[in-house]
Amino acid sequence: MPSYGNQVKTTLPYSAAVERVKALLREEGFGVLCEIDVAATVREKLGETFRPYCILGACNPQLAHRAISAEPQIGLLLPCNVVVQELDGATSVSAVDAGAMLAIVGNPQLDGVASDVNARLKRVLDAISST
């Protein structure tokens, strides 16, 4: 996995994994602001087939408020993305590394927010990987 995210595998089928990830995100205080079905978009816009691939734009309002208060333009890097996809015959779930993402801003006030986001997303990944 690249340095900007973390990835786990789950035994859940793709559709069940998407629903389970959304539930786990809710448990960690995140709402899913957008859900992008990449396969459907590729089919509709390009007429091509693509593997099941979903991008969930997750946002924790309290953490987003802290980040925006510390860095007014941070919305350019929000929400936190979580990807569920079929990859190499298995269902994979990955989440952005908020520390890596927010480091590009160079504002140390965001370090605590990034740590909190990463801890929550790690719990999501740990929970989904055990199913």
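No lab work stands behind these numbers, since they all come straight from the coordinates. This structure is a prediction, so every number in the text was calculated from the model and none was measured. Counting neighbours? That spans all protein chains shown, and the Cβs are built from the backbone with ideal geometry, glycine included.
From the set of residues in the range 89-106 that are touching a helix residue (DSSP H, G or I) at 6+ places or on another chain (Cβ under 6 Å) and outside any strand (DSSP E or B), which is surrounded by the fewest Cβ atoms within 10 Å (Cβ to Cβ)? Spell out the reasoning first.
Keep residues of the range 89-106 that are touching a helix residue (DSSP H, G or I) at 6+ places or on another chain (Cβ under 6 Å), which gives 91, 93, 95, 98-99, 101-102.
Within this subset, residues satisfying the condition of being outside any strand (DSSP E or B) are 98-99, 101-102.
Values: A98: 26, G99: 15, M101: 20, L102: 25.
Once the filter is applied, the top-ranked residue is G99.
Just checking, which of V82, V113, V124 is in contact with a strand residue (DSSP E or B) (Cβ under 6 Å, 6 or more places away or on another chain) and surrounded by 20 or more Cβ atoms within 10 Å (Cβ to Cβ)?
Working: V113 fails: in contact with a strand residue (DSSP E or B) (Cβ under 6 Å, 6 or more places away or on another chain); V124 fails: in contact with a strand residue (DSSP E or B) (Cβ under 6 Å, 6 or more places away or on another chain).
From the options V82, V113, V124, the qualifying one is V82.
Out of all the residues in the range 33-46, is one or more among the small types (G, A, S) and under 14 Å from V83 (Cβ atoms)? Write out each step before concluding.
The initial filter retains those residues of the range 33-46 that are among the small types (G, A, S), namely 39-40.
Narrowing further to those that are under 14 Å from V83 (Cβ atoms): 39.
Scanning the range 33-46 turns up at least one residue that is among the small types (G, A, S) and under 14 Å from V83 (Cβ atoms).
Can I68 be described as among the hydrophobic types (A, V, I, L, M, F, W, C), without any contact (Cβ under 8 Å) to a residue 12 or more places away in the chain and more than 25 Å from T11 (Cβ to Cβ)? Step through it out loud before you land on a result.
On the way: among the hydrophobic types (A, V, I, L, M, F, W, C): yes; without any contact (Cβ under 8 Å) to a residue 12 or more places away in the chain: yes; more than 25 Å from T11 (Cβ to Cβ): yes.
Spelling it out, I68 is indeed among the hydrophobic types (A, V, I, L, M, F, W, C), without any contact (Cβ under 8 Å) to a residue 12 or more places away in the chain and more than 25 Å from T11 (Cβ to Cβ).
Can you tell me which of S15, S3, S69 is hydroxyl-bearing (S, T, Y), closer than 19 Å to I128 by Cβ and either surrounded by fewer than 19 Cβ atoms within 10 Å (Cβ to Cβ) or in contact with a Pro (Cβ under 6 Å, 6 or more places away or on another chain) (or both)? Steps first, please.
On the way: S3 fails: closer than 19 Å to I128 by Cβ; S69 fails: closer than 19 Å to I128 by Cβ.
So the residue among S15, S3, S69 that is hydroxyl-bearing (S, T, Y), closer than 19 Å to I128 by Cβ and either surrounded by fewer than 19 Cβ atoms within 10 Å (Cβ to Cβ) or in contact with a Pro (Cβ under 6 Å, 6 or more places away or on another chain) (or both) is S15.
Since L76 meets every condition but one in (1) surrounded by 18 or more Cβ atoms within 10 Å (Cβ to Cβ); (2) aliphatic (A, V, I, L, M); (3) outside any strand (DSSP E or B), which condition does it not meet?
(1)
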